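Right, one structure below, let's go through it.
The values are calculated or read from the model by the stated rules, or taken from the named source; none is laboratory data. Since the model is a prediction, treat every value here as computed from it, not as a measurement. Note: ideal-geometry Cβ built from the backbone for every residue, glycine included; neighbour counts use all protein chains shown.
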Amino acid sequence: MAVAWRKLSAVSLQVVINFRVIDECADWIVVDKPAPLIVHPANRKPEPTLLGGIELLLAYEMSNGASPGVVTRLDRETSGLVLVAKHAAAARELGGVFMRRAARKEYLAVVSGWPAADAWVCEEPILRAGAIGPSTIWVRQTVHPAGKFCRTRFEVMQRFERNEGRFSTLRCFPETGRMHQIRVHLAHAGHPIVGDKLYAAAGREYIDWMAAGWTPDLARRLLLPRHALHAAVLAVPWGGRVIEWQAELAPDLRDFVAGNAVAINADVVIWSRHD
């Protein structure tokens, strides 16, 4: 579904948001979000958002009382499935599903290196890095005994090589819902997600990106301009049955796995704080 944004403010970019509708009913809509499209407005920056595009798509329903609310939020750089409730009652019911952990999520991640095991479970607790020491990045999380319990299952789908080295595609099953859980657990395991500015190293890449935007040096260090994480499967109980949705790996990540150069998505603006 292509949604054109004519003008947001005098300083905003004119862009096209290209998200795909996977499924829809009177209560919810499921879409495949591209990266680096943000889900909600943030930082008071006038920029296109997934929610804004959905509101434009559902303009008629909103004129008749609909009030879209995002149920499964993804980070800006994560692509894949997003579930949006169309009204407050659906939002409450779906929120209860996730509170009870009755939903099932599966992500695909492209990571550095070849894991020794074909499958493993990580149960390392996580907390915000700044809670245990100085941290220049507020959102950065870390593994620490004082953190909250987290559990993620991992399965290796594919091991492959590129000129830059060895990589793997993993299936990731988060059984808890902590911030950056998959990214932190994979970095802790020694297999950080390709392109992860926060966790590929010690966060230096994120600081450099914030200061100067995407540069040739960052391209050399990170290989991808966004982290290679994709929400591939979402299953929720609804109306007496379990509904499962799937979204294939995003084109830029498919290109990387295939050994090709990664093409820039012309439909989505590459956002930085300097825009």
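Inspect segment 222-237 for any residue being surrounded by fewer than 23 Cβ atoms within 10 Å (Cβ to Cβ), touching a helix residue (DSSP H, G or I) at 6+ places or on another chain (Cβ under 8 Å), in contact (Cβ under 8 Å) with a residue 40 or more places away in the chain and assigned to a strand (DSSP E or B) and give the result as yes or no.
Yes, because at least one residue in segment 222-237 is surrounded by fewer than 23 Cβ atoms within 10 Å (Cβ to Cβ), touching a helix residue (DSSP H, G or I) at 6+ places or on another chain (Cβ under 8 Å), in contact (Cβ under 8 Å) with a residue 40 or more places away in the chain and assigned to a strand (DSSP E or B).
Give the residue that is surrounded by the fewest Cβ atoms within 10 Å (Cβ to Cβ), with candidates limited to residues of segment 139-153 that are of a type outside the set (A, V, I, L, M, F, W, C), out of contact with any Pro (no Cβ under 7 Å at 6 or more places or on another chain) and assigned to a loop (DSSP other than H, G, I, E, B).
Within segment 139-153, the match that is surrounded by the fewest Cβ atoms within 10 Å (Cβ to Cβ) is ARG151.
For ALA247, work out the one condition from (1) under 14 Å from the mean Cα position of the chain (by Cα); (2) farther than 30 Å from ASP118 by Cβ it doesn't fulfil.
Failing condition for ALA247: (2).
Given the criterion more than 18 Å from the chain's Cα centre (by Cα), closer than 23 Å to GLY53 by Cα and either modelled with pLDDT of 90 or more or not β-branched (Val, Ile, Thr) (or both), identify the matching residue among ALA231, ALA266.
ALA266
Mind listing whichever residues of segment 80-120 are assigned to a helix (DSSP H, G or I), of a type outside the set (A, V, I, L, M) and under 26 Å from LEU37 (Cα atoms)?
ARG92, GLY95, PHE98
Inside segment 175-194, can you point out the residues that are of a type in the set (Gly, Ala, Ser) and assigned to a loop (DSSP other than H, G, I, E, B)?
Residues satisfying the conditions are GLY177, ALA189, GLY190.
Yes or no: segment 124-138 includes at least one residue that is touching a residue at least 60 places away in the same chain (Cβ under 8 Å), assigned to a strand (DSSP E or B), touching a strand residue (DSSP E or B) at 6+ places or on another chain (Cβ under 8 Å) and not basic (Lys, Arg).
No, segment 124-138 has no match at all.
What tally of residues in segment 75-101 results from selecting those that are buried (at least 17 other Cβ atoms within 10 Å of the Cβ) and among the small types (Gly, Ala, Ser)?
Residues meeting the conditions: 5.
Identify, from the list GLY177, GLY165, GLY195, the residue that is touching a residue at least 24 places away in the same chain (Cβ under 8 Å), at positive phi and surrounded by fewer than 17 Cβ atoms within 10 Å (Cβ to Cβ).
GLY165
Name every residue in segment 195-213 that is more than 16 Å from the chain's Cα centre (by Cα) and part of a loop (DSSP other than H, G, I, E, B), in order of residue number.
The answer is ALA201, ALA202, GLY203, GLY213.
Let me confirm something: among ILE38, ILE126, which residue is under 17 Å from the mean Cα position of the chain (by Cα), more than 25 Å from GLY239 (Cα to Cα) and among the aliphatic types (A, V, I, L, M)?
The conditions single out ILE38.
So, LEU170, is that one under 27 Å from LEU37 (Cα atoms), free of Cβ contacts under 8 Å to residues at least 40 places away in the same chain and surrounded by 15 or more Cβ atoms within 10 Å (Cβ to Cβ) or not?
no
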